1. Show the residues, 5+ positions off or on another chain, whose built amide H is closer than 5 Å to the amide H of T774.
2. Can you give me the long-range amide H partners of G1051? Hydrogens built in the peptide plane at 1.01 Å from N, cutoff under 5 Å, separation of 5 or more residues or another chain.
3. Is the shape of region 819-917 rounded, prolate or oblate, going by the alpha carbon gyration tensor and its root eigenvalues a ≥ b ≥ c, with a/c under 1.5 for rounded and a/b larger than b/c for prolate?
4. How large, in Å, is region 150-357 by the Kirkwood hydrodynamic radius built from its alpha-carbon pairs?
5. For the pair R969 and D840, what calculated FRET efficiency results from E = 1/(1 + (r/R0)^6), where r is the Cβ-Cβ distance and R0 = 56 Å, to the nearest 0.05?
6. At q = 0.14 Å⁻¹, what log₁₀ I(q)/I(0) does region 962-1120 have when each alpha carbon counts as one equal point scatterer in the Debye sum?
7. Compute the semi-axes of the equivalent ellipsoid of region 450-583, taking the square root of 5 times each eigenvalue of the Cα gyration tensor, and list them largest first in whole Å.
8. Using DSSP, restrict attention to beta bridges with both residues in the chain and report what percent are antiparallel, rounded to the nearest 5.
Amino acid sequence: MRSVDRLKPLTGNQEAASDPSIHAALSASAGTGKTHVLTSRVLRLLLQGVAPESILCLTFTKAAAAEMSNRIGARLASWVRLKEDQLRSDLRALGEPASPDMIARARRLFARVLDAPGGLKIQTLHSFAQGLLGAFPAEAGISPGFEAMDDRQQKALAREVLAELASDAEEAGDRQFLSDLSALSRRLGEEGALKYLARCGEYGPSLARLPAEPLIEPALRELMELPEGDVEEAIAASCSDPDFDRALVERLIAVNREWGTKSGLEIAGRLESWLLCCDADRAGRLPLMAKGVVTQDGRPHFRQKDKEAAQALADRVGELQGLRARAELAAVQAAGLRAGARFARAYGDAKQAEGLADFDDLIRWSNMLLAQDGIGDWVRFKLDQRIDHILVDEAQDTNADQWFIVAKLTEEFFSGSPEEEGRFRTAFLVGDFKQAIYRFQGAEPEQFVRMSSRFAEAARQQREAWQESGEGTAPRSFEELTISTSYRSAQAILDVVNAFILGKTPEALGLDRAPPPHESHDPTLKGRVELWPPFAVEEEFEEEGEEDWNPERDRMFASKLAREVKALIEGPDDVEAGDVLILLRSRQLAPLIIARLYGEGVPVAGVDRLLLSQPLAVRDLIAAMRFASQPLDDLNLACLLVSPLFGWDHEALHRLAFGRKGALWDALRGRRDEDAQFAEAFAGLSGLLAMADYAGPAAFLETILSGPIGGRAKLVARLGEEAGDPIDELMNVALQFEQEEGASLDRFLGWFEQGDVDVKREAAEAGDSVRIMTVHGAKGLEAPVVILADATGDYSKLGDPSSRNIMLFELGSIGKVPMVKPRSDQLVEPFATTMEAMADREREEHMRLLYVAMTRAARRLIVTGTAPARGKLHKDCWWLAVEQAMQDAGAVPLDAPWGERGWVHESGSGRRARAKRSLASDEIVTPDWLHQAAPPEAQPPRPLAPSASEEGEEESFPPPGPAAREAARRGSLLHALFERLPPVEPSHRRQVALDWLASSGGVADEAAREEIVEAALRIIEDSEFAEIFGPGALAEAPIAAVLPDKRVIAGTVDRLLVEEERVLVVDFKTGRMVPEDPGAVPDYHRRQMQAYAAALQVIFPGRTVEAALLYTAGPRLVTLAG
C-alpha cells in the first residue's frame, strides 16, 4: 500500500466547515482544499461514532467519488498501524481530541467501515438514483433489472427509432411527419435534425403536454402575434394604399428625382413601378422597391437625402418582411415540435420495451418516486433508517431536478427535533459558483445559492420554533461559509485572478456580489504570469501534406509553441515535462500541438478525450478489418492500398484499377504475378482474408500491427509518433469488446461504425509527460506550469455546429421543450428575451471557464493564442480579459517569444531546484528476434476439429444462395432426428418426429415435415444400418486425443459403436452427392474420418477401428480403408 501523507491542520473556515456538529454550505474557491475539508468532515463524523452506512456523499463525477473514497480508505487503513505520535498529530489536525479512547476508535474505523452493511456510500447522484430505483422498482412503476444506457447506446437507439418512424410513415403515407423531418433537416442539417430529435427524447414528459398536432402551429402563431390566415395575404393587404403610407413613397420618389443621378432616377423608377402594382405584386416586390433606400440589413441607405423618410420606409418594410420571416419560423418550430413529440413517444416506448433508461430517466423516476403521496413517504422512511448525514460535492454543477432528491432526503433534518429523537443528522453542501462550467450538461449553478438559502431558512425556522417552545435540545445551526486561501497557486497568479474578477465585475461571471480576494497560503512562493502576443503570420500559403486542412498560421503556431515548451523543460527553471499542462478552449489545435511536441522529442500524454473514428491510423486499421469482412468493396480496398499499411501511390492504384473488369480485389488476384508490388499486396491481403473467419478483432489488429505487415511501424513512420496513442486505444476498445460482446470481427465493425467511439481518459496523474486537454477536462486538476494556448478564440463560434441552432424554451404550462433557434431576422418575442438570457449565461460561463483555467496553475501561467485571420480579437476573448487584468495587477512589458504587446507579472522568492532529467534518451536497440516470425510452439496448438477442413481453401467460396441454405437446414434437421429417434418406440417415431419438427424444428410446411420424417425413418429402420442405430451405439459422441505427432484432435462424431474388439465411427452426410465407391469420396471427407480414426486408435489401443460415411441421399454406407 502506498504511504499516506500526514494530515495538514485545518484552518479558519476549513475547520468550521468540517465540524460535524453544524449544517453548512461552503463556497470554496479554486485550490483552497475543498476535497480535504469534505474528507475531513467524513472522518470526523466517523470518529464521533456515526455509523458508516448512515453517511451519504454525493459527487458530480465517478472520478470525484473514486478520489474521495480512496482518500478516506487510505487514511483509515494507515491509522490501523500508524505510530501513536503520528496518529495523535492527525487527530489534532482534524480538531479532534487525541485521547486514548479516540486513538483506539480511530484504529478500529477501517474494520468498522468494511463490516458496515453497504459500506460508506460515496457515489454520483445518478448512481444513487439507480440504486434507489433498483430497491423500489414496483413503487416507482418501472421494470426491475433495467439497464442504464451510456451516451453511445442512446445515440444508437435514437437512430434506430428515427429510422423505424420514417419507415412506418413512408408505408402509411404519413406526409405530415415526413414533411416535418424534411423541414428540420433543411433548417438544421441532417446531423442537427437528429440531435434536435434526440434532445426531444430527453423532454418527453413536457412534449407529451403539447396540444394535438393540428393545433400546434396555430398556438405558436398566436404566441408570436402573427395574424390569422395566410401571412402573404396579410402582407398584401398591408401593401394596399389605405394601409401603406403612399405619401411616404411619393415623398421618396420626389427626393430621388430631385437628386438627379442615375442611381436616384433608378430608385424613383422602382418606387413608381411599385405604386402601379396590385397588392399581391406589391407584397412580392417589397425588397426590390426598397433597394437603394434601405440596406440589406434593414437600415436607411447612407446616400438618401431624406433620412427621416428613408427610416420610415425601412421600418415599414422591415415590419412586413418580418411577418414573413416569423411565419417561416412558426412553421419550422411547429414541424420540430410535431416530429419531436412523436419521436419522444417512440423513443420512450423503445426504452421501455428493452428495459433501458438514460440518466434523465433515473433522476425523473426518482423524483416521481419520492414525490408520491403515501408511497413516497414510506420510501423516505425506509431511507431515513439508513441516511443521517448527506454531503453534496460540486454543488454548483447540480440542477433543480437533482436538488429535488436532496431536498426530499433532508426534509426531516429540519423538522421537529432530531436530537430529542436521538438522531444525529446533518447536511453539508460544498461548491463554488465561480467554477460552474457545465451548464451545457444541464447544470444550474444558481440552484446552489437557492438551496443554501432554503436550508438556512429551514434551520432558522427550526431554531425559532425551539426558542418559542423553550423545551428540548437546541437544533443545529446552518452556517454559510467561504474559504479563499489557495494552497495551490502562487500570489502572482492570484493577483491576476483577483484583478480579472474585479475588472470584469463579478456580474460578468454571474456572481451577485464580489467574492473574497484570493490569497496564497505562502506569500513568498515564486509565481509568474506571462501574456504572449497573438501569433500571426504575414502571408499564408498552401502546402500539401497530412495536415493541409489546417491553416498555415495554426501549423506554425503549434511548431513555435512546441519549441518553447522544449526550451522551458531544458532551461534553467525547475520544470519537467510532467509539470506542464496545456489547456485549450476546444480540441481543434490539440492534434497539431501533440504532433509538434512529438517532433521536438517532448514526452506527451495525448489528449484527455479522443474520438476514435477520426485519427488516420485508426481509419487505416478499420479499412483493413473492413476488407477482411467485405473484400469486394472497391473504395475501401483502394483506400487500404494507398494507406501506410501497403504504401501504394496513386499511380500504382491507377495501373491496377483503370480498365479493369470486375472488382478491384479480383483484378489484383488475377494480376498478382505481374510485378512485385502486386504480389506483395496480394500476399498481405490474402493473409487478412485467411484470418477473417477465426480471429477476433483484437487478434486481427495485433497481427496487422506486429505481424508480417508490420503495421505499427509503417503507421508511425508515416503519421508520426503521435499515431501510437490512437492505435493503442483502438486495441483497448477491441479487447473490451471481446470481453463484453464476443470475438466477432463483423460484430465489432458493426458496433464501431454505429457512431463515434468516444474514449475518455483520466489525466489526474502527470507522470513524466506533457498533458494536453480542454479546460472542462482539467476541472479539479493542477500543474506547476499551465499554458492556455487558444485564449484568442471567439467563444460564440466554438462547440458543435450542429447543436448551435437548438435552444430550450419555457413554453408556459407545458414546460421546457427543445426549439429551433431563430435567425436574426426572425428574432421576435418571446424568443428574443430567451435568447438574450441564453447569450448572457453563455458569456458568464465563458468567463467562469477562464477563471477555472487560470487557477489550475501553481507556479507559472502562460496565456497566448493565434491572431484571427482577419479583423480584431473578439471583445470577450480571454486574451483581452487577461491583458486588462495583468495591467490592473501592475504587470510590466515582456519580450515575448513572438510579436509585441507581451506582459509579465511575477512575485515571490523562488524555490530549490529539483534534479533535472534530460529529454534526450539513448537509442533503443531492438534484438533481431523481435522482427522475426515466432518459431513453432513445442506444445500442440489449439485442438484440430476434423469436421473443419484441415487445409483451408486458398480462395473463399461465394456466399450460399437460398437453395444451398435450405439444403443445409434440411441436413441439420436430419442430423437431429438421427440423434433423437432411435431410442423412441418404433410405433411412436413418426408422430414424435412430426411434433418435434413442428415445434422445436420450426418447419411450418406439413409436406416438408412429412418428407424429412420419411427420409429419416427410411434410414433408421433399414436393417442394413441396424447396428449404427442400435442401443449399443452412441449418438453425438465427443472425442479428444493427442496423436503421436503431437496434433490434438477434438470433435463430435455422429455415431460411435464401441465393441470388445472393434470400434466403428460413422459420420452422416446429408448432401445430394453420393459416391459410387470409397475412391470417389471427397478428400476433405476422407481426411476428416482419418483424423477421427487416428484419435480413436489412441483412445482404444489394440482394437480395430473402422470409419464409415453414411450418405443419406442413397442411402449408402461407404466404409473407408484404414
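Read-outs: derived from the displayed coordinates by stated rules, not from any lab. Values in this document were obtained by computation on a predicted structure and should not be read as measured data. Cβ sites come from the backbone with ideal geometry, for glycine too, and all protein chains shown count toward neighbours.
1. Here L584, D608 satisfy the definition.
2. I1039
3. Numbers: a/c = 3.00, a/b = 2.23, b/c = 1.34.
Note, shape of region 819-917 comes out prolate.
4. On the way: mean 1/r = 0.0495 Å⁻¹.
Computed over Cα pairs of region 150-357, the Kirkwood hydrodynamic radius comes out at 20.2 Å.
5. Working: r = 67 Å, r/R0 = 1.19.
According to the calculation, E is roughly 0.25.
6. -0.75
7. On the way: eigenvalues 536, 86, 43 Å².
Its equivalent ellipsoid spans semi-axes of 52, 21, 15 Å.
8. On the way: 35 of 91 bridges.
Of those bridges, close to 40 percent are antiparallel.
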